[in-house]
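The structure under discussion appears below in the form of structure tokens.
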Amino acid sequence: MLKIENLQASVDNKSILKGLNLNVKSGEVHAIMGPNGAGKSTLANIIAGKEEYDVTNGTMELNGEDISELSPEERAHNGVFLSFQYPVEIPGVSVTNFIKTSINETRKAKGLNDMPAKDMLKMIREKSELLEIDRKFLSRSLNEGFSGGEKKRNEIFQMAMLEPKLAILDETDSGLDIDALRIVANGVNKLKSKDNAVIVITHYQRLLDYIVPDFVHVLHDGKIVKTGDASLALELEAKGYDWIKEEISA
Amino acid sequence: MDLKEKIVSSYVAFEDGVNINSDIHEIRTEAFQNFEKLGFPSKKLEAWKYTSLNSILKEDYSIFPDKEKSITLAEVKKYFIHDIDTYKIVFIDGKYSSFLSETTHDNIDVCLMSSALSKKKYKLVIENYFNKIAKQDNLTSLNTAFSKEGAYIHIPKNTEVEKPIQIINFTTGEESATMLQPRNLIVADKNAHVQIIERHQSLTSNAALTNVVTEIFADRHSTVDLYKIQNDNIAASLVDNTFVEQQSNSVVSVHTFSFGGNITRNNLNFFQKGEHIDSILKGITIIEGKQHVDHHTLVHHIEPNCESHQDYKGIYDERSTGVFNGKVIVEKEAQKTNAYQKNNNILMNNKSTINAKPQLEIFADDVKCSHGCTIGQLDEQALFYMQQRGIPKKEAKALLMYAFANTVLESVKVPEVKERIMKLIATKLKVNIGFNI
Ligand SMILES: Nc1ncnc2c1ncn2[C@@H]1O[C@H](COP(=O)(O)OP(=O)(O)OP(=O)(O)O)[C@@H](O)[C@H]1O
Ligand SMILES: [Mg+2]
């Protein structure tokens with residue numbers, strides 16, 4: 001599904017990603033962990049096509065196709081979804097209208113007509129139920145004044161509506177209370193299939209209790225320095241990152 | 001010959017077409033002398049510091065366009081709000097078009113200034129209201145000097161006009177540049193309610209300059225809502241001089257939508273002559289290229305317990321320029337005034353400019369006056385977020401701009417006008433999305 005080789009990227013001449021490799025296949029769940037400032041969000045943003053980074057080296061393929069020249073919207077149309085670590089507030093645009101526009105623009109890009117209003121409503125109803133989102137919420141301005149947890153839940157609601165092929169969840173667990181974490185994780189699990197893939201960026205094991213990863217990667221100083229199975233996350237939770245840093249410098 | 005000379009020397013010819021023995025003509029000639037003395041405004045005048053008319057005053061305007069081209073309804077239908085029933089007062093090159101109009105004398109008067117100025121029946125209203133609040137400055141004087149035709153609307157007391165009234169001025173000027181001086185009078189008696197849509201539309205690529213004066217009188221408990229749609233072609237310029245006088249408990253709103261045209265100057269003046277008055281001044285400006293839009297507003301709070309609400313949003317792309325000058329005067333007697341002014345601007349480009357200036361002159365001590373002015377860019381983070389959700393950049397920008405401007409549309413009471421403005425914004429931003437936010 002996603003194949004990244006030797007990715008190097010910088011911003012304002014500051015090198016952030018320093019030769020990163022990642023191979024995600026359909027049906028897999030990958031967790032990316034790593035200390036603050038390691039470059040996790042940068043990686044997510046670059047996959048999603050954010051333009052402020054200079055990609056100086058490496059390749060990035062989605063389903064065998066080079067996506068490095070595609071705009072963020074084209075990547076989205078190809079099935080890339082990024083749940084933001086810090087979702088942006090958009091005053092004056094309601095959640096409902098935003099998601100409608102989002103779905104219909106994606107359909108337009110695929111040569112399809114707008115989704116009939118009836119179907120759209122039904123889908124909104126189903127997905128908001130799945131994520132236990134209050135209907136009243138949907139008429140509010142997108143993310144404006146939402147609590148941290150509400151923003152995250154709303155990200156996964158949008159993901160449920162858009163049914164992406166590759167979902168990247170950047171610290172979706174942070175800000176969620178215990179019940180919300182379970183609801184959101186269940187939502188993600190419901191959407192999982194053999195045809196799509198999920199990359200979970202997180203600092204804690206608790207989300208991985210629900211969304212069980214096939215692989216756990218440690219990103220440190222712009223590179224993936226260690227890869228293991230689900231047990232690696234437990235080990236990190238118990239021991240922190242120092243032992244890995246020592247391993248590298250040894 | 002420069003334009004002023006040309007205008008001055010053609011006045012005698014103008015007099016051929018009007019009754020020079022009337023009281024009105026005395027008002028005209030006085031205004032004529034005033035214009036002759038003042039000439040056109042130059043950038044030396046404080047009020048014209050950021051708006052220069054020089055480039056458009058160079059044109060060789062025909063002052064009495066009489067080569068009226070006939071136009072068919074099909075050609076101009078799109079300039080009307082046509083999905084609802086309305087009264088219409090339509091002019092082509094300054095002359096009344098009975099064919100395109102739908103006027104009435106059934107209880108209310110929705111008709112022509114030319115008849116109001118000449119017929120006995122209207123004498124009293126004209127005596128009481130004509131040229132009573134129009135400022136005696138350069139361009140208003142010019143208009144008064146040549147005032148002859150325009151819309152005359154009089155709503156008697158306790159009348160709610162059941163459908164909106166459209167005032168549309170078309171310019172055809174096939175052979176040369178055209179200058180027009182439309183003169184409108186709107187009188188709403190006690191507890192009268194009326195909604196008006198005003199538009200100036202040039203149908204030619206030749207230069208057009210319209211210098212319009214509108215006087216509005218809102219008696220006690222009346223409401224007047226005026227919607228100005230300024231979406232003219234790039235060869236057309238407009239100086240709009242609107243004066244509003246309100247009595248106690250009246251509510252008057254003026255919404256100005258400026259998307260088109262070359263140079264557009266809006267002088268919008270409110271005088272509050274009673275208590276518990278609400279004055280609403282709102283505008284959306286979206287321009288690009290070398291377009292220029294200038295909003296000069298004045299709200300004069302004279303009596304206590306009144307409110308004014310101003311909300312102007314501007315989006316400027318390419319080399320376009322904007323001016324917002326909002327003056328609020330609160331007299332000593334005008335205690336408990338609540339005057340609110342907001343002016344927010346987005347510059348899409350580092351070549352576009354906005355000159356924004358609030359001017360508060362407050363002589364009362366127990367008042368609430370607020371003003372806020374912002375100038376910013378579109379939020380890049382928000383754009384990326386929207387693009388990530390599959391909304392292309394152009395559409396994402398449009399959606400952000402629309403959301404930004406939307407506070408102005410919220411108070412538009414005629415749904416079809418709101419709908420039309422949304423469509424004009426979508427067209428202006430070259431996107432095909434619904435903005436049903
Ligand atoms: N636009 C930018 N301009 C300057 N520096 C940046 C920019 N984006 C990221 N960085 C820097 O790159 C480094 C990696 O940031 P990134 O946000 O990717 O870290 P992270 O691994 O997601 O950290 P966290 O766990 O705290 O979310 C940091 O030092 C950050 O300050
Ligand atoms: Mg991060």
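The values are calculated or read from the model by the stated rules, or taken from the named source; none is laboratory data. Note that the coordinates shown come from a computational prediction; the quantities given were computed from them, not determined experimentally. Reconstructed Cβ throughout: ideal geometry from the backbone, glycine too, with neighbour counts over all protein chains shown. Note: accessible area is taken over every heavy atom of the protein model, side chains too, but ligands, DNA and RNA are not part of it. Shrake-Rupley method; radii C 1.70, N 1.55, O 1.52, S 1.80 Å.
General remarks:
- Each Lys and Arg Cβ is given +1 and each Asp and Glu Cβ -1; about its Cα centre, the range B:379-437 then shows a dipole of about 220 debye.
- Fraction of accessible area attributable to carbon and sulfur, the range B:379-437 (%, probe 1.4 Å): 51
- Gain upon complete extension [B:Glu318, B:Asp60; 0.36 nm per residue less C-alpha separation]: 90.0 nm
- Peptide A:67-73 is shielded by partner chain Cβ atoms: per residue, an average of 4 of them sit within 10 Å of its Cβ.
- Per residue solvent-accessible surface (Å²) - the protein assembly as shown, probe of 1.4 Å: 42
- Remark: accessible area buried at the A-B interface is about 2200 Å², both chains counted, probe radius 1.4 Å.
- Selection from A:Asn186, B:Ile20, B:Ala398 lying farthest towards where the dipole of the protein assembly as shown points positive, charges on Cβ: B:Ile20
- Antiparallel bridges, percent of DSSP beta bridges restricted to chain A (to nearest 5): 60
- Just checking the listed ones, B:Lys121, B:Lys327, B:Lys148: in the Gaussian network model of chain B with Cα springs under 10 Å, the one fluctuating most is B:Lys121.
- Note on the range B:329-403 and the range B:128-160: Cα centroid distance 32 Å, given to the nearest whole angstrom.
- Across chain B, Cα pairs under 8 Å and at least six residues apart give a relative contact order of 10 percent.
- Cut-off under 5 Å, modelled amide H: who pairs with B:Val254 long-range: B:Leu226, B:Ile280, B:Leu281, B:Lys282
- Whole-Å distance, taken between Cα centres, linking the range B:12-55 and the range A:50-78: 63
- Using C-alpha pairs under 8 Å with a sequence gap of at least 6, the mean separation divided by the residue count of the range B:72-220 gives a relative contact order of 26 percent.
- Antiparallel bridges, percent of DSSP beta bridges restricted to chain B (to nearest 5): 5
- Unsatisfied cross-links (Cα-Cα over 19 Å) in the set B:Lys44/B:Lys290; A:Lys25/A:Lys165; B:Lys120/B:Lys148; A:Lys151/B:Lys313; B:Lys290/B:Lys357; B:Lys273/B:Lys327: B:Lys44/B:Lys290; A:Lys151/B:Lys313; B:Lys290/B:Lys357
- Just checking the listed ones, B:Lys228, B:Lys88, B:Lys394: in the Gaussian network model of chain B with Cα springs under 10 Å, the one fluctuating most is B:Lys394.
- Bridge orientation summary for the protein assembly as shown: considering DSSP beta bridges with both residues in this region, about 20 percent are antiparallel.
- For the protein assembly as shown, a crude dipole built from +1 on the beta carbon of Lys and Arg and -1 on the beta carbon of Asp and Glu, taken about the Cα centre, is about 540 debye to the nearest 20.
- Complex-versus-alone comparison for the range B:351-396, residues with a loss of 50 Å² or more in accessible area, probe 1.4 Å: B:Gln381, B:Phe384, B:Tyr385, B:Gln387, B:Gln388, B:Arg389, B:Gly390, B:Ile391
- The relative contact order of the range A:56-159 comes to 36 percent, based on Cα pairs under 8 Å that sit 6 or more residues apart.
- Residue mean of other protein chain beta carbons inside 10 Å, A:82-88: 3
- Residue (of B:Ile302, A:Pro91, A:Val55) at the positive-pole extreme of the protein assembly as shown, dipole from beta-carbon charges: B:Ile302
- Positive-pole candidate from B:Ile56, B:Ala74, B:Gly39, dipole of the range B:1-74, charges at beta carbon: B:Ile56
- Rounded to the nearest 20 debye, the dipole magnitude of the range B:3-273 is 500 debye, with +1 charges on Lys and Arg beta carbons, -1 on Asp and Glu beta carbons, and the Cα centre as origin.
- Calculated from backbone phi, Karplus (6.51, -1.76, 1.60) coupling profile of the range B:220-225 in Hz, x at Gly/Pro: 4, 6, 8, 10, 10, 10
- Accessible surface of the range A:106-250, 1.4 Å probe: 50 percent of it comes from carbon and sulfur atoms.
- Dividing the summed helix terms, -39500 (n - 2.57) for each DSSP H run of n ≥ 4, by the number of residues in the protein assembly as shown produces a 222 nm estimate of -8000 deg cm²/dmol to the nearest 500.
- Euclidean distance between Cα centres, the range B:242-298 to the range B:56-126, Å: 22
- Distant-in-sequence amide contacts of B:Leu360, defined by a placed amide H-H separation under 5 Å and a gap of 5 or more residues or a different chain, comprise B:Val328.
- Carbon/sulfur fraction of accessible area - the range B:113-176, other protein chains in place, 1.4 Å, %: 48
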